[in-house]
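Worksheet for the structure shown next.
The values are calculated or read from the model by the stated rules, or taken from the named source; none is laboratory data. All values reported here derive from a predicted model rather than from experimental measurement. Every residue, glycine as well, gets a Cβ built from its backbone with ideal geometry; the counts of neighbours run over all protein chains shown.
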Amino acid sequence: MQFPFLQLHVADALGMSLVHTNNTLRRLADSKAMRWGRKTFQMLSRERMAEIAGYDFTERIPRPFI
């Protein structure tokens, strides 16, 4: 999807330092969970993102993914 934000915008929105945001995004990209660049965001593995987030798809009560 189109994602016209910079790492600085994401860091500010999440209350994280720019360095921590950069390292976190790099780890997500290295794990092949997502790709971000040239104003686009692509989720490569929904299962990997859910695993990283500790999300359990088998829960009976629906809750937001994020």
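For the range 22-51, enumerate the residues that are touching a Leu at 6+ places or on another chain (Cβ under 7 Å) and touching a residue at least 12 places away in the same chain (Cβ under 8 Å).
K32, A33, M34, W36
Please enumerate the residues belonging to the range 23-34 that are farther than 14 Å from F5 by Cα and surrounded by 13 or more Cβ atoms within 10 Å (Cβ to Cβ).
T24, L28, A29, S31, A33, M34
In the list K39, K32, which residue meets the criterion of being modelled with pLDDT of 90 or more and basic (K, R)?
Of the residues listed, the single one that is modelled with pLDDT of 90 or more and basic (K, R) is K32.
Can you tell me how many residues within the range 23-36 are outside any helix (DSSP H, G or I) and at negative phi?
So in the range 23-36, the residues outside any helix (DSSP H, G or I) come out as 31-36.
Pick out the ones that are also at negative phi and you get 31, 33-36.
Number satisfying all stated conditions: 5.
Could you list, in sequence order, the residues of the range 37-51 that are in a strand (DSSP E or B) and either out of contact with any strand residue (DSSP E or B) (no Cβ under 8 Å at 6 or more places or on another chain) or not β-branched (V, I, T) (or both)? Spell out how you get there, then give the answer.
Of the residues in the range 37-51, the ones in a strand (DSSP E or B) are 37, 40-43.
Result: G37, F41, Q42, M43.
Among the residues of the range 15-22, is there at least one that is within 12 Å of the chain's Cα centre (by Cα) and either surrounded by 11 or more Cβ atoms within 10 Å (Cβ to Cβ) or in a strand (DSSP E or B) (or both)?
Yes, the range 15-22 has at least one match.
Of the residues that make up the range 52-60, is at least one surrounded by 13 or more Cβ atoms within 10 Å (Cβ to Cβ) and outside any loop (DSSP other than H, G, I, E, B)?
The answer is yes, given that some residue of the range 52-60 is surrounded by 13 or more Cβ atoms within 10 Å (Cβ to Cβ) and outside any loop (DSSP other than H, G, I, E, B).
Is it true that M1 is surrounded by 10 or more Cβ atoms within 10 Å (Cβ to Cβ) and out of contact with any Pro (no Cβ under 6 Å at 6 or more places or on another chain)?
No: the conditions fail for M1.
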